[in-house]
Amino acid sequence: MSADFEIVSPLPDAAFGATLRLTQPLSQKMPDGLPDALAQAGGLLLVPGLGEIADNPPLLLQMSYLFGPEVEDYRYLLTSQNVVHQAVPEIFMVTNMVPNFRPPPKRPDPPLTADGRFPVQYPQRNGWHTDQSYRRPPPDISLFFAVNPVARERGQTLFANGALAYDALPADLKAKVENLQGLHAQPGTGRGRGDAEAGKTPRAFAAHERSQPQPVVRAHPVTGRKALYLCERGQMDWFDGPFVGMEAGPCGDGARLLDELMSHYTRPEFVYVHEWTQGDVLVWDNRCLVHTATWYDAEKEQRMMWRTTVRGNPGALYAGEARSWVPKEQVPA
């Protein structure tokens, strides 16, 4: 236990995660021990009461560096610079308060489960992904700060725990996926499931946009614990995948396996639903969790959230790899 915080686990109505309350403001002291707390909590920390970040954005950057040696600069990652924070370009703004914003997800159809519950399980709930899985090496940690969330019961963020899901797989399915690779595609390259189902011809790849293979079962580089590592409709390659060496396309054996795995992965007992309060920071581990967003009324409500992405420890599998997403002309000689 650190003198810098108090911690309670698991998160409410979940089987993983922890609420961590700092004993001092961030502006007075950056807390020690957060990476260990994140690992012990199964990859998800809620740190409430950090409203001071809204008036002092560099605090979010300093907090992010506690989790790894590199925080991504979004000036070099995004074509839409209007969602890059002007003062701290390591902050990506997830918001409807800028022109040409990305709209929030649609509501599930039907909006509730058969027994009247809030839906979390794929495919009724979709959009499940882990950040930038289409890059090798993929990132480690994301931090998400609520500057101006919408009212509770809208605009939630959902998390599913890949380690719990892997542990609960039947033995035959564990054996089937143990050495399997998923083929992850960058959104916008025209290789999503909807594109394949519509019979579209994907555009030509630039070399740095190529879909990337990733292990379906990934050993965590800190805890050693195995977890499922895959996404669904929009972030897998549905023309050459979704799995390497299996029948490709949206109607083949690979598609049926992915649907089975994602439905299992997002079972309610593996999921945490976060209702946002202004000043909340969520820290999540992309190496063992997937997440998705929910609907809010973007025509009537204003939402501003800040995200940072931390890199530095993807695991031995990626040791010495060049960054797949960097064009060759930008790689130092």
Mind listing whichever residues of the stretch 228-256 are open to solvent by 10 Å² or more (accessible area, probe 1.4 Å) and closer than 30 Å to ARG152 by Cβ? ARG233, GLY234, GLN235
Does ALA160 satisfy the condition of being in contact with a helix residue (DSSP H, G or I) (Cβ under 7 Å, 6 or more places away or on another chain), closer than 22 Å to ALA18 by Cα and not charged (D, E, K, R)? yes
Looking only at the stretch 310-332, decide whether some residue is buried (at least 19 other Cβ atoms within 10 Å of the Cβ) and among the β-branched types (Val, Ile, Thr). yes
Filtering the stretch 126-156 down to residues that are basic (Lys, Arg) and either more than 19 Å from the chain's Cα centre (by Cα) or open to solvent by less than 50 Å² (accessible area, probe 1.4 Å) (or both) yields ARG135, ARG136, ARG152
Which residue pairs have Cβ atoms under 7 Å apart, sit 6 or more places apart or on different chains, and have a first residue in the stretch 240-265 that is over 25 Å from LEU164 (Cβ atoms) and a second that is of a type in the set (Phe, Trp, Tyr) and in a loop (DSSP other than H, G, I, E, B)? ALA248/PHE239; GLY249/TRP238; PRO250/TRP238
Quick one: in the stretch 107-125, which of the residues that are open to solvent by 80 Å² or more (accessible area, probe 1.4 Å) and out of contact with any Phe, Trp or Tyr (no Cβ under 6 Å at 6 or more places or on another chain) is nearest to SER263 (Cα to Cα)? PRO123
Condition test on ALA255, is it at pLDDT 95 or above and outside any loop (DSSP other than H, G, I, E, B)? yes
Restrict the check to the stretch 257-273 and report whether at least one residue is open to solvent by 30 Å² or more (accessible area, probe 1.4 Å) and more than 27 Å from ASP172 (Cα to Cα). yes
Over the stretch 172-220, the set of residues among the charged types (D, E, K, R) and open to solvent by 60 Å² or more (accessible area, probe 1.4 Å) is ASP172, LYS176, GLU197, LYS200, ARG203, ARG210
From the list ASP195, ASP172, which residue is free of Cβ contacts under 8 Å to residues at least 24 places away in the same chain, of a type outside the set (A, V, I, L, M) and out of contact with any Leu (no Cβ under 9 Å at 6 or more places or on another chain)? ASP172
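The values are calculated or read from the model by the stated rules, or taken from the named source; none is laboratory data. Everything numeric in this text was worked out from a predicted model, so none of it was measured. Cβ atoms come from the backbone with ideal geometry, glycine included; neighbour counts cover every protein chain shown. All accessible areas refer to the heavy atoms of the entire protein, side chains included, with ligands and DNA or RNA removed. Shrake-Rupley method; radii C 1.70, N 1.55, O 1.52, S 1.80 Å.
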